[in-house]
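Trainee: Below you'll find the structure I mean.
The values are calculated or read from the model by the stated rules, or taken from the named source; none is laboratory data. Everything numeric here is computed off the predicted structure, so don't read it as measured data. Here Cβ is always computed from backbone atoms with ideal geometry, including for glycine, and neighbour counts include all displayed protein chains.
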Amino acid sequence: MKNKINKLSKIFIAGHNGLVGSAIVRRLKFFGYKNILTINRKDLDLRDQYSVNKFFKLKKPQAVINAAATVGGIYANNKFRGDFIFDNLSIQTNIIHSSYVNKVRSLIFLGSSCIYPRNCKQPIKESYLLNGELEKTNEPYAIAKIAGVKMCESYNSQYKTDFKCLMPCNTYGPNDNYDLLTSHFYPALIKKILIAKKENRKKIIVWGNGKAKRELIYVDDVADACIFFLKKKTKESLINIGSGKEKSISGYAKYLIQKFGLKLKISYDKSKPNGTPRKILDSSLARKYGWKPKVDIDKGFNNIIKSLQS
């Protein structure tokens, strides 16, 4: 099956209202793509196989980027375990299979670095998948995403499809979720610091001991990776997408406090989980194909502040 995706190709973005999906739509428009297909959740339940296949049959997308998922931070992953595994298995299965049935030329399936074992050798290579136990707090989400990776690999093998799986590290940027319970750690830190600033508080409380290390990537870099690999023929189905930069949770908190020009103490709630001790991706495969991130953490922070003020 030939790829040949160009700026006139009909590209369906599933999950276009989310953090990554909205960035993909924005970047596609920036690069001059003319035929972007989206649909709201109320008009299409991606968990419904019949409706998804009917949509694909009617709209006939030539390319698909699946940024649709039930996502959240450590609390949401652990609290809504059933929702996370059912929703994500259903959404991705329907999209991947409908893409095959309706002869989609190229598909990008987005996952997360949490698919890798909890105590993985660092930096994490794609080959480390399934080499150890997962982090318990996000196991249902990770298992769903691993199933998506293996489904794409299996369809590529049996049906000669061009389905690629991109696994970004922790992604942040405009249109993020800032809910203190369900968000990821970085927007949660930003929200806590903004509340402390508004209410003249002297400290913020950080979950866990602050020692867990995380790699961050700006959302536009992830979006650009999706567009880049949508058009790129690769031998591998699974490709890591990371910035190569990491800090401890404590380090990020101190960085943000300094960026906001505040003097705040950090208190650690050690009754809350730390999550995976460390997860920095080896993104050398993506770089070998010619992709690399462009937005550093300072520029990313400035862009977030602009988006929050607009």
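Trainee: Within segment 50-78, can you find the residues that are among the aromatic types (F, W, Y) and in contact with a helix residue (DSSP H, G or I) (Cβ under 6 Å, 6 or more places away or on another chain)?
Mentor: Listed by number, the list holds a single entry, F56.
Trainee: Then there is this: Say whether the condition of being basic (K, R), in contact with a strand residue (DSSP E or B) (Cβ under 9 Å, 6 or more places away or on another chain), more than 17 Å from M151 (Cβ to Cβ) and in contact (Cβ under 8 Å) with a residue 12 or more places away in the chain is met by at least one residue in segment 77-85.
Mentor: Looking through segment 77-85, none of the residues is basic (K, R), in contact with a strand residue (DSSP E or B) (Cβ under 9 Å, 6 or more places away or on another chain), more than 17 Å from M151 (Cβ to Cβ) and in contact (Cβ under 8 Å) with a residue 12 or more places away in the chain.
Trainee: Restricting segment 120-139 to residues that are polar (S, T, N, Q) and modelled with pLDDT of 95 or more, which is surrounded by the fewest Cβ atoms within 10 Å (Cβ to Cβ)?
Mentor: Only one residue fits best here, namely S127.
Trainee: I would also like to ask the following. Within segment 76-111, take every residue that is modelled with pLDDT of 95 or more and small (G, A, S) and give me the one that is farthest from F228 (Cα to Cα).
Mentor: Here the residue is G82.
Trainee: What strands (runs of 3 or more DSSP E) completely inside segment 197-307 contain at least 3 residues that are under 18 Å from the mean Cα position of the chain (by Cα) and charged (D, E, K, R)?
Mentor: Of the strands (runs of 3 or more DSSP E) lying wholly inside segment 197-307, those with at least 3 residues that are under 18 Å from the mean Cα position of the chain (by Cα) and charged (D, E, K, R) span 213-218.
Trainee: Identify, from the list I190, I227, I205, I266, the residue that is surrounded by 15 or more Cβ atoms within 10 Å (Cβ to Cβ), touching an Asp or Glu at 6+ places or on another chain (Cβ under 9 Å) and of a type in the set (A, V, I, L, M, F, W, C).
Mentor: One residue alone meets the criteria, I190.
Trainee: Please verify whether segment 246-264 includes one or more residues that are touching a residue at least 40 places away in the same chain (Cβ under 8 Å) and within 29 Å of I146 (Cα to Cα).
Mentor: Yes, there is a match, as at least one residue in segment 246-264 is touching a residue at least 40 places away in the same chain (Cβ under 8 Å) and within 29 Å of I146 (Cα to Cα).
Trainee: Looking only at segment 267-283, count how many residues are in contact with a Lys or Arg (Cβ under 8 Å, 6 or more places away or on another chain) and of a type in the set (G, A, S).
Mentor: Here the count works out to 1.
Trainee: Here is a list of conditions, (1) in contact (Cβ under 8 Å) with a residue 60 or more places away in the chain; (2) farther than 23 Å from L230 by Cα; (3) surrounded by fewer than 18 Cβ atoms within 10 Å (Cβ to Cβ); (4) of a type outside the set (D, E), and G73 meets all of them except one; can you say which number that is?
Mentor: (3)
Trainee: Pairs under 6 Å by beta carbon, first residue free of Cβ contacts under 8 Å to residues at least 24 places away in the same chain in segment 291-304, partner outside any helix (DSSP H, G or I), six or more apart or different chains?
Mentor: Filtered contacts from segment 291-304: no entries.
Trainee: Can I ask one more? Here is a check on your reading of the model: is A67 within 18 Å of the chain's Cα centre (by Cα), closer than 15 Å to C169 by Cα and without any contact (Cβ under 8 Å) to a residue 40 or more places away in the chain?
Mentor: So A67 fails the test.
Trainee: With under 24 Å from N77 (Cβ atoms) and modelled with pLDDT of 95 or more as the only criterion, which of L180, L256 stands out?
Mentor: Result of the check over L180, L256: L256.
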